[in-house]
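One structure below.
What follows draws every value from the coordinates through simple rules; no lab data is involved. Model, not experiment: these values are computed from the prediction. Quick reminder, even Gly has a Cβ in these numbers, built from the backbone with ideal geometry, and neighbours come from all protein chains shown.
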Amino acid sequence: MTSTHSLHLWLLPLVPFAGFLVNALLGRRFPRALVTAVALIATLIPFLQVLGIASQFSSLSLPHLEQFGTWIAAGSFHADFTFALDQLTLVMLLVVTGVGFLIHLYSAGYMAHEDGYWRFFAYLNLFMFFMLTLVLAENYLLMFVGWEGVGLASYLLIGFYYTRDSAANAGKKAFVVNRVGDFGFLLAMFLFIAHFGTLSFSSIFSQITAHPELHGGFLTAIALCLVLGATGKSAQIPLYTWLPDAMEGPTPVSALIHAATMVTAGVYMVARTHVLFDRSPLALSTVAIIGTATAFFAATVALVQTDIKRVLAYSTISQLGYMFLACGVAAYSSGVFHLVTHAFFKALLFLAAGSVIHALSGEQDMRVMGGLRKKIPVTFWTMTMAVFAISGLPPLAGFVSKDEILYHAFTAPGPGKLLWFVGLFTAFLTSFYMFRLWYLTFFGENRAEKAAAHAHTPASSHHAEVDEHHHAIHESPWIMLGPLAILAVLSVIGGWMGWPEGLGGGNWFGHFLAPALASQHVAEAGSNSLEVTLALISTLVALAGWFLAHLFYFAKPELPEKLSVSLRAFYNLLLNKYWIDELYGAVVIAPVLFLSRFVLKGLIDTGVINGGSYAAAYTTQGMGAIVQRLQSGNIRSYAGWLALGAAGLLLLTYFGFGAHLSLR
Amino acid sequence: MTANFQLLRILPEVILTIAGVLIMLIEPLLGHSTSRKPLGWFAVLSVFASLAASFAQLGMAAGTAYYGVIQTDAFSVFFHVLIALIVLVSLLVTIDTANANTESLGELFALMVFGAVGMMLMTSATELLLVFIGLEISSISTYIMAGFRRKNVKSTESSLKYFLLGSFATAFFLYGIALIFGATGTTDINAIASQLGTSAVPMFATIGLGMILIGLGFKVSAAPFHVWTPDAYEGAPSPVVGLMSTAPKAAAFAVLLRIVYVAFPALHAHWQPLLWLMAAFSMTIGNLGALRQQNVKRMLAYSSIAHAGYLLVAFTALSTDGIAAASFYAMSYAAMNVGIFAVVSHASGYDERLSLISDYRGLAYRSPLLGGALGFFLISLIGIPFTGGFFGKFYVFASALHSGMVWLTIIGLVNSGIAAFYYLRLLASAYSKPTNNALLDPMPRASFALLLALVITISGTLILGIVPGQILAMSHNAAVSLTSGIANPAPSATHQ
Amino acid sequence: MHLVLFFIFGGLCVVGALNLLLQSHPINSALSLIVVMSSLAVLYLLLGAEFLAAAQVIVYSGAIMVLFTFVIMLLNAGREERTHGSRMAYIAGFPGAAVLLGLLSYIFLSNRGHLGNARLGSYLVTTGDLSRVLFRDLLLPFEVTSVLILIAILGAVALARKEH
């Protein structure tokens, strides 16, 4: 513990956890108002505490460590319950608790008519507990607790509508895909233990710093394992497939978990581990390439999606790609900056989309929206701010952070220019698909009535309530609009704290994070004029995207149809998301299932193994039936397998491996 | 050295034997309609006393008794405690599950208690013949218990299969002992290592060791000797499956640890690759087999094969940490597996009303308690942090990788990733709203015995995950006492 | 002399065991088992283990086999049905068993020179020596065997008892 007084960091995660316990154990018997109160207070207190910490932040000696006891002491290795606070942590804490609280508030309105209200808020608080643990942890093991925990909470929240099979499957998919990422994370931890004998951040990083000769080699191996973990949680290639499906969850969940907080855990982890990554150029380039490729790839898929939440999901993947790109060119603070601004405008986009969906009683298909500008004006104006921000129009938040990333990519050595160009092109695509969403949703004529005539069944009718307003389009209540307004303001001004020096700003944000993310790679090679030029180019590109969307979806709405016909193959490729899900199905899942069937049936006589054949023998026929069954062969084949296994084992024992082959 | 003092070294076993005999004698004196549950509570008390006696042995200096056939040390105490706890919870679950249709309940309690005697003896025996007798006691009692639902053909079939195949495996074990005796002239585990050093004929000893691995591999249901497991588990009564999937396995693992690390450290180049292969096959076959399984007990059977594989991974580490990790894993697996079988037993009742995964639909709505407990144990089996399941696996793989077992660690991690899939299927089913209203009938009320069982297993799983310090220290001491080869020939150390 | 006796009784033992497996009537199998047990007793005698040989005759050939035969008579068990057996038993079992047999024979033959290290006692084991091992060195295992027998009885009673 440092000399400064205790900040009671343990309260931060434990208050939401208490909220979870209360709602999970007693919520069923509580009235809704009480459930809401418990959940909101359990997130408000940590937010206020974080604000308190922020106000006295300058007086702290950083990093501020607080140890609460020994967790594990096994032989030479031990891990503690230790929380650490530094600039990076503070930023993350503010985002998690601040945006988290707003989304809790919004959910109180959005979920008001749902079954299992208490369960929803219990899970949401559980999520906050794990997310705060993840952010505060001072060692990888504790971070992994949060890492797995947010995955679990996400699983529970996606599968919230358990009666719907698609939701349960999406939850399972998210969980299982993330297990692949966890595989990398765990392997990295084991390697840390093997090489450093500890999992504590400070002691690993000081060991690395103390050995300047350590470069590449096993550090690269560890870093690549961590990258695999990060791609799982942050939905990057190759493990992004779970995020679009995760949209089955309620919209506030998508906003909180699948846009603002949990999915950024991978970026946070890479930034946190930057000391390691700085020593491994290979790992850094991997991160940069994965990030750029994902950004571009997801943006192209977003061009043709028709489900409003899916567009946003692919957009999230794409924006996370930008953050990875920033980390990959060692501009960690830019990555974190984009993480923050993205949390503002993407949470806003999701919440506004939720408001639209709410207004349309559960409709998510943009093809049957349109003309909502007048009917839900608050939602329209707040969402407009978010669309402008994400498209990169100055001086909104998205412009500042994205421009900074592109600038760092441009000045990075090696293939930096290529990364910059792909990033720029992606920015164009981003602007296009976001304005497409904007026009389709809010402009033109209202296509809902037309669709209703065609007896269109809504893609998702999760709103159980069938009230008299079913068809009347209505603006959301203020408990939902309030968070929208706050986030809209943040989406506009949130970027100003990091206004780059090249454009006459102070980049206060970058300087603030510098002590925590000091990188060996930062080389301020660029000049002011270069930065101005690049900013100008990206602004033009964003405007071009807007113009094209205007042309396609406002001025000449028949154009997209024609284009999709003339470019049918390409259009289908995008519409089917490059058939990646199908590819994984054929390459990964089918072989596993085949092997499973082989283990069950191929190895042992068919029919005796799946339990089905027992039904016949179930009727009591006494000993005769048993003897018959025993002689029908299956016990003999079991004995046969035992004999074969024994023979194999003894052969190996006798002839041995020894020098010939050593199994590791 | 007094006789009394020696008796202290087998006190836990003595207590249980007396209790078993008493239960056996009282049972026929009770009328037909008298409830047998008090007998069960008596058995619970006796197991508790035996648990206390095991702990008391920690106060004694490690040492042997009865001419070196038995040795109590931190290692034996660790497994004594584990076995006592498993049997304790299994007795509670049996008390909870038993109903008017249950036959021969008194005998079932007696068999559980006697079985525990055999398993405990296995863990402290240093004489292979005593290991063998302990193994037979534990196996034969399990064979009989597996067939206890006599009206059910499946149960009888399960018992017979288990018995026939088990005898086959036991024969290998016994043959192994004979070969080792032939090669070294002794069956004392502590003496074998020194005999091996001087004798020039390790080949018979090696083959003998291979035979022992086959026999014990069968008992712990490690691939390729796992084929009996799904059938045996499916037919046996659920409370018994909770017991037989953990306690005899823990005892067999303890024996395996003692044999390979105390008697045959010199032959590690032979047994390490064998265990490597058994671990890899068990994990893979277990998880793949469970993936498509529809029957819950069969799924859990395959899962137990996989967990045997994880545990074997720790064996290959060849380090004190590896032994400690294996012991720790045995305990954490026992906590969650006995727990999940407690839930399964209560939910499906003695007549096994629920068997398929789809039958569990809506369980959480019928009984939030059972649903919550099921979810908790599944999460631990998946290996989410803050549960014993996670930390057990973490410790095992960390120790394996520390010893350079890169590929085995990778295989293990991939497998534990696959495993999430089938556990989640059961979880999702239990939390789905049932389409059929009949599935919404409330569950029978949880009895005090069940609550106690759940409290023990849930708190055990949590303690192993959140504050494992005490138990880690215990397992570490166990590992140290095993490898330091105390083998105190004159157990005259003063008793404090 | 020893060698001749060994071949006679060893051969008898193997033939008896094969017959035991191949006979389809239980009573014939049981009688073959008596042949196997008795020839084993002779083999023990040839190795100098008189006590074991005597025990073998009394316990196995005498008590246990008589019981077996009685039970078979009482149950009036008929002929076994011939079944196909299982595909896997042929694919896995027979090669496995063959490999086991071959491997063990090979190992014993190739390491023959190293055999003979273990000592069962002096050539003629006295009852005194035997008792010392059984009732002193291995006292605990000997006593624990009673638990084993007890649970076997307990189980038999529990499983065979008439339902009420």
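Please give the Cα centre distance for the range B:32-53 versus the range B:351-419, rounded to the nearest Å.
31 Å
What is the dipole size for chain A, taken about its Cα centre, with +1 at each Lys and Arg Cβ and -1 at each Asp and Glu Cβ, in debye to the nearest 20?
For chain A, the charge dipole is close to 1160 debye.
So for each of B:449-456, B:77-84 I average, over its residues, the number of other beta carbons within 10 Å; can you give me the resulting order with the highest mean first?
Peptide ranking by packing, descending: B:77-84, B:449-456.
Excluding same-chain residues fewer than 8 positions from B:Lys249, which lysines have a Cα within less than 25 Å of its Cα?
Hits, sequence-local ones excluded: B:Lys154, B:Lys161, B:Lys219, B:Lys297, B:Lys393.
If the viscosity is 1.306 mPa s and the temperature 10 °C, what Stokes-Einstein diffusion coefficient in µm²/s follows for the range B:213-275 when Rh is the Kirkwood radius over Cα pairs?
It diffuses with D of about 125 µm²/s by this estimate.
The range B:78-139: D in µm²/s via Stokes-Einstein (Kirkwood Rh, Cα pairs, 10 °C, 1.306 mPa s)?
Calculated translational D: 128 µm²/s.
Averaged across B:284-290, how many Cβ atoms of other chains sit within 10 Å of each residue's Cβ atom?
Mean partner-chain Cβ count within 10 Å for B:284-290: 5.
Round to the nearest 10 and give me the degree value, 0 to 90, for the angle of helix B:11-26's Cα axis relative to the longest principal axis of chain B.
40 degrees
Using only the Cα atoms of the range A:56-178, build the gyration tensor, take square roots of its eigenvalues as a ≥ b ≥ c, and label the shape rounded, prolate or oblate: rounded if a/c is under 1.5, else prolate if a/b is larger than b/c, else oblate.
Verdict is oblate for the range A:56-178.
Post the alpha-carbon centroid distance, the range A:269-345 to the range B:154-203, in whole angstrom.
The range A:269-345 and the range B:154-203 have Cα centres spaced 59 Å from each other.
Which lysines, if any, have their Cα less than 28 Å from the Cα of A:Lys309, not counting same-chain residues under 8 positions apart?
Cα-Cα hits under 28 Å: A:Lys172, A:Lys173, A:Lys233, A:Lys346, A:Lys374, A:Lys375, A:Lys402, A:Lys450, A:Lys556, A:Lys562, A:Lys577, B:Lys433.
Take peptides C:19-25, A:199-205, A:104-110, A:384-390 and line them up by average Cβ neighbours within 10 Å, highest first, as a rough protection proxy.
The packing order, highest mean first, is A:384-390, A:104-110, A:199-205, C:19-25.
Based on the Kirkwood radius over alpha-carbon pairs, what value in µm²/s does the Stokes-Einstein equation return for the translational diffusion coefficient of the range A:1-52 at 10 °C and 1.306 mPa s?
D = 132 µm²/s.
Sort largest first and round to whole Å: the equivalent ellipsoid semi-axes of chain A, each the square root of five times a Cα gyration tensor eigenvalue.
41, 35, 27
When the convex hull of the C-alpha atoms of chain B is computed, what volume per residue in Å³ does it have?
Each residue corresponds to 127 Å³ of Cα convex hull volume.
Find how many whole Å separate the alpha carbon centroid of the range A:475-503 from the alpha carbon centroid of the range C:30-75.
93 Å
Take peptide B:377-388, look around each residue's Cβ out to 10 angstrom, count Cβ atoms belonging to other protein chains, and average those counts.
What the average comes to for B:377-388 is 3.
Which of the peptides A:287-300, A:561-574 is most tightly packed, and how do the rest follow, going by the mean number of other Cβ atoms within 10 Å of each residue?
So the order, starting with the most tightly packed, is A:287-300, A:561-574.
Taking θ = phi - 60°, what integer Hz values does the Karplus form 6.51 cos²θ - 1.76 cosθ + 1.60 yield along the range C:42-59, in sequence order, with x for Gly and Pro?
With the stated coefficients, the range C:42-59 comes to 5, 4, 4, 4, 4, 7, x, 9, 5, 4, 4, 4, 5, 4, 4, 5, 5, 6 Hz.
State whether the protein assembly as shown is rounded, prolate or oblate according to the following rule on the C-alpha gyration tensor (a ≥ b ≥ c being the square roots of its eigenvalues): a/c under 1.5 gives rounded; otherwise a/b larger than b/c gives prolate, and the remaining case gives oblate.
prolate
Taking beta carbons within 10 Å but only from partner chains, what does the mean come to for residues B:219-232?
4
Just to be sure I understand the rule: take each whole DSSP H helix in chain A, project its Cα atoms onto its long axis, keep it if the span is 24 Å or more and its mean Kyte-Doolittle hydropathy is at least 0.0. Which ones pass?
A:32-55, A:87-110, A:117-136, A:140-158, A:165-196, A:281-302, A:308-328, A:332-359, A:416-442, A:528-550, A:635-655
Checking the a/c ratio against 1.5 first, then a/b against b/c, what shape does the Cα gyration tensor give for the range B:275-321?
prolate
What Kirkwood hydrodynamic radius do you get for the range B:364-471 when you take the inverse of the mean 1/r over all pairs of distinct Cα atoms, in Å?
15.8 Å is the Kirkwood radius here.
Calculate, axis by axis, the spread of Cα positions in the range C:1-77 along the three principal axes, and write the results as whole Å, longest axis first.
Its Cα atoms span 42, 25, 11 Å along the three principal axes.
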